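Every read-out reported here was derived from the displayed coordinates using simple, explicitly stated rules and does not represent laboratory data. A quick note: this is a predicted structure, and the numbers were derived from the prediction, not measured. Backbone-built Cβ (ideal geometry, glycine too); neighbour counts: all protein chains shown.
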Amino acid sequence: MRGGSVGVVVLAVGAVLLSGPRASAHRLDEYLQAARLRIEPARVELELDLTPGIAVADFVIADIDRDRDGVLSRSEERAYVEQLLSAIVLEVDGLPLHVRPVGSTFPDIQALRRGEGTIELRGESALPSLSNGAHQLSYRNTNRPDVSVYLANALVPESDRVAVHAQRRDTNQRELTIAYDLRAQVNASARPWLLFGIAGALALTAGPYVLLSP
């Protein structure tokens with residue numbers, strides 16, 4: 001397991017345990033917005049799943065179905081994605097980041113009305129050039145606080161250069177601060193010389209023990 005992965009897994013499990021009742025018993029009068037963020041050296045990936053309960057489904061549908069024809073058109077879905085992303089505040093070390101859409105999936109209106117539909121949104125933010133060392137990523141969701149409950153967690157980074165070591169949330173989990181370290185990148189061009197040097201050292205060490213046939 002990569003460095004920092006164990007800590008992140010423990011933190012994520014702890015977050016699930018702390019928020020267990022909310023996650024496992026989604027109430028009918030709540031709009032559940034669950035966010036997951038993955039930090040990489042040059043970008044932040046956002047996964048946002050939104051599930052309205054039966055009692056609030058019509059409020060959510062009204063936000064999407066602007067022409068009230070009972071069908072979610074692609075233009076209406078795109079507009080809602082833009083609305084959702086405009087409600088996300090993302091910063092690194094206090095610097096604001098722009099979140100761009102990467103992909104989205106919408107259920108049909110009837111599934112939403114039954115409380116069985118989940119809107120899946122994927123976004124991404126480019127990170128500025130950051131120095132090696134400690135950094136903080138801050139996330140805040142301001143979408144529909146009147147009917148919503150929130151979850152937010154960090155995912156294990158794919159890069160060995162990123163090590164997440166702490167997550168801090170507000171009481172409602174609308175806000176999440178992720179403390180992480182950015183490590184130095186190994187110079188790939190130096191690796192062949194390193195391997196050659198190791199091989200040479202081994203050959204010299206093994207020299208006196210090599211028996212040559214007459």
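A few comments on the model shown:
- Added length on full extension, which subtracts the Cα-Cα distance from 0.36 nm per residue, ASP170 to GLN110: 18.2 nm
- For the stretch 34-177, the fraction of alpha-carbon pairs lying more than 28 Å apart is 23 percent, rounded to a whole number.
- Within the stretch 50-83, backbone nitrogen closer than 18 Å to the virtual label 7 Å beyond the Cα of ARG27 toward Cβ: 51-60
- 5 angstrom amide H check on ARG27, placed H, neighbours 5+ away: none
- Across the stretch 85-100, rounded Karplus estimates of 3J(HN,Hα) from the backbone phi angles (6.51 cos²θ - 1.76 cosθ + 1.60, θ = phi - 60°) give 5, 5, 8, 9, 10, 10, 9, 10, 6, x, 8, x, 10, 9, 9, 9 Hz, Gly and Pro being marked x.
- Cut-off under 5 Å, modelled amide H: who pairs with LEU32 long-range: THR51, GLY53, VAL149
- Distance between the 7 Å Cα→Cβ label points at VAL102 and ALA42: 1.4 nm.
- Cβ crowding within 10 Å averaged over residues, with 134-143, 173-182, 94-103, 66-75 ranked highest first: 173-182, 134-143, 94-103, 66-75
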